């Protein structure tokens, strides 16, 4: 099996498992995700956090976000062909939750491009969705490379740890090993509905 075929197989397997999670299980997972993050000071003390709008069974970060005293930003795809996105503020100053979102071509809720924008390097923490992860910090995404392109500067030096890249996942999304490519950006931590994994 080629590397790409292996990744496709892993994607198909975990997407299928993720979609099978019931709404009740999703609600419990969102609560437990926030519990797992308790005591993770880099996240709890951050000022600017990039999050995501969950789709297709992705674990919901909304309860976790409500526990933070942070400005919340969300990605907006600016060029589908080139895999480029930018990041816009999603929560007004009087609320902790994102508001006024509209679905894009993938069905993912995005903020307006008229909202305040922030460059990738200026976030304190980035909460990243994923399809699968391993305990070496490898993350398997949808394959379009949006996050790897946006945070490629993290690969330029081993000493650069800003922003902190944190994968959010159901515990069942863990796999033993994910083959990484040179352009893949590794995670610094993973939070699941069962534990906090520091890398």
*Determine, for 114, 121, the number of other Cβ atoms within 10 Å of each Cβ, and report the residues in order from fewest to most.*
114, 121
_At 7 Å along Cα-to-Cβ for each site, give me the label-to-label distance between residue 105 and residue 155 in nm._
2.4
_Residues 65, 187, 118, 50 arranged by fewest to most Cβ contacts within 10 Å_ = 118, 65, 187, 50
*asked:* Quick check on the exposure proxy: order 9, 17 from fewest to most C-beta atoms within 10 angstrom.
replied: 9, 17
*Global form of segment 1-115, assessed from the alpha-carbon gyration tensor, a/c cut-off 1.5*: oblate
*Average Cα contact separation per residue, segment 3-198, under 8 Å, 6 or more apart, as relative contact order %*: 22
*When DSSP assigns beta bridges and you keep just the ones with both residues in segment 57-199, what percent turn out antiparallel, to the nearest 5?*
60
*Do the sum for the chain: with -39,500 (n - 2.57) for every DSSP H run of n ≥ 4, divided by all residues, what is the mean residue ellipticity at 222 nm, to the nearest 500 deg cm²/dmol?*
-6500 deg cm²/dmol
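Bear in mind these aren't lab numbers, they're just calculated from the coordinates by the rules spelled out. Keep in mind the model is a prediction, meaning the values are calculated, not measured. Note: ideal-geometry Cβ built from the backbone for every residue, glycine included; neighbour counts use all protein chains shown.
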